[in-house]
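The values are calculated or read from the model by the stated rules, or taken from the named source; none is laboratory data. No experiment lies behind these values; they were computed from the predicted model shown. All Cβ positions, even for glycine, are placed from backbone atoms using ideal geometry, and neighbour counts span all protein chains on display.
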Amino acid sequence: MNKNQCIELEQISVSGDSVVYDFSYPEELSNIFNYSKIEIEYSTDISDIDESLLSIPFIGNVVPMAWGYNIEVNVPSIDRRFANDITAVKDALDSLYSKACFDSNQNLIHSDSVVDNHMPEGEFKSAQLFTGGLDSVSTYLRHRHESPALITIDASKGQRNDSEFAKTQSRIREFGEEEGLKCEFIRTNTYYLLNHSELENAYEDAAYYTWWENFQLGLSYLSTCAPLAMSEGYNIIRIASTFTEEYNHPYGSHPAIDNNICFGETQCLHDSFDLSRQQKWRITTDYFEHKDKTLFVQSCTEEGNCCNCLQCARNIVGISVEGLDPDDYGYEVSGGWFDDCKLKFKSNEWRLNRIEHFFWKDIQNSIPENLDKGNYKSGAVDFLEWLRAADLNQYTE
């Protein structure tokens, strides 16, 4: 294909723990790309990683858009496993989002060099993406016998205040030290690489969420881990599920996508698709109650959970369903909090979109018949009894 009619990776520049990708794209995509340079900073040296693996973060962040626009992506070198399996990711997106037209017979990735990458012989090592939220904490607890490394990605480099990410790092390092785990941190500008509003307008009939959540989320995060995986020898990288099979809507992190992402000798896995959010709370609270320890579960701002938004409310009520004190998990719940929560529903200050409706329905279905036992905050039992009888459709958009 003519160079002017494809997305071309022009140069990969590596310096210690950082890599920069300079690329070009057709004029017709000038309203789609916000810039022509991807920057990634790792917390480990990646200067010895083969170019075929270094190209993977670039591919993973541009190829969903390229599939949608039927435009070829050219890279100088590519890992064989990634090249072989990326077509299955395209097919998964096409199946999940049938109106998006990812149905080209080709995967549209071209390279003159395809490389087999192998890690040195060594012990099995795993890692997982980690935010400190419920999904990632419960994934850790399911696989804690592996002592997985915790990988935290900030995809908003250049847009997010450095001090905010420093708070995230401090909180996650503290968790890692308590659990005896290695922590890895990655900063990149990939979230703002594409003009989401332009893409969302183009695909408004194909999807419900943002472009990032629909088409880029799982592939972006996991492909960004490729150089790190080879450098540190991670055989498995897990990404925690957001939903379960019962959620009948597509999402950009899904077993059909994530389980088909691999590179070198690293397999990516979508974890806990079999667990509801309330089951994840049960796993998490059982572990930390047994250890007699508190846990900060991230759901809101870097400054700490606000305890006034719908996301925080979902977690506070989820913990309360287990008969436990939300204050032990990073929340501050005053005596009148549950009355205020009920009022926000009844006054329509809070309206549930279909994601929140799915989560709150799970909470509702998990409320025990007997609320006589438990370490309930003031007002919690009355609220749970109200929620159990509530028609959530009345509070749904």
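Observations, loosely collected:
- Residue satisfying condition, being of a type in the set (Ser, Thr, Tyr) and surrounded by fewer than 17 Cβ atoms within 10 Å (Cβ to Cβ), within set Ser77, Ser47: Ser47
- Qualifying residue in segment 259-282 (condition: touching a helix residue (DSSP H, G or I) at 6+ places or on another chain (Cβ under 6 Å) and modelled with pLDDT under 95): no
- Of the criteria (1) free of Cβ contacts under 8 Å to residues at least 40 places away in the same chain; (2) crowded, with 19+ Cβ neighbours inside 10 Å; (3) outside any helix (DSSP H, G or I), which one Ile316 fails: (3)
- Filtered residues of segment 36-57 (kept if within 22 Å of Ile71 (Cα to Cα) and either among the β-branched types (Val, Ile, Thr) or not assigned by TED's automatic domain parsing to the domain that holds Trp67 (or both)): Ile38, Ile56
- Here Gln216 fulfils each of the conditions (1) under 18 Å from the mean Cα position of the chain (by Cα); (2) assigned to a helix (DSSP H, G or I); (3) surrounded by fewer than 21 Cβ atoms within 10 Å (Cβ to Cβ) apart from (3).
- Check on Leu324, part of a loop (DSSP other than H, G, I, E, B), buried (at least 19 other Cβ atoms within 10 Å of the Cβ) and over 21 Å from the mean Cα position of the chain (by Cα): yes
- Residue check for Phe33: in contact with a Phe, Trp or Tyr (Cβ under 6 Å, 6 or more places away or on another chain), assigned by TED's automatic domain parsing to the domain that holds Glu198 and within 15 Å of Ser220 (Cα to Cα): no
- Set Asp162, Asp154: member being without any contact (Cβ under 8 Å) to a residue 24 or more places away in the chain and either touching a helix residue (DSSP H, G or I) at 6+ places or on another chain (Cβ under 8 Å) or not aliphatic (A, V, I, L, M) (or both): Asp162
- Residue match in segment 342-349 (condition: buried (at least 18 other Cβ atoms within 10 Å of the Cβ), modelled with pLDDT of 95 or more and among the hydrophobic types (A, V, I, L, M, F, W, C)): yes
- Residue that is buried (at least 23 other Cβ atoms within 10 Å of the Cβ) and assigned to a loop (DSSP other than H, G, I, E, B), where the choices are Tyr209, Tyr234, Tyr251: Tyr234
- Number of the condition not met by Thr244 [criteria: (1) within 26 Å of Pro120 (Cα to Cα); (2) in a loop (DSSP other than H, G, I, E, B); (3) in contact with an Asp or Glu (Cβ under 8 Å, 6 or more places away or on another chain)]: (1)
- One residue stands out among those in segment 131-182 that are in a helix (DSSP H, G or I) and hydrophobic (A, V, I, L, M, F, W, C): the one that is modelled with the lowest pLDDT, which is Phe165.
- Residue within segment 286-300 that is among the hydroxyl-bearing types (Ser, Thr, Tyr), surrounded by fewer than 22 Cβ atoms within 10 Å (Cβ to Cβ), outside any loop (DSSP other than H, G, I, E, B) and not assigned by TED's automatic domain parsing to the domain that holds Asp85 present: yes
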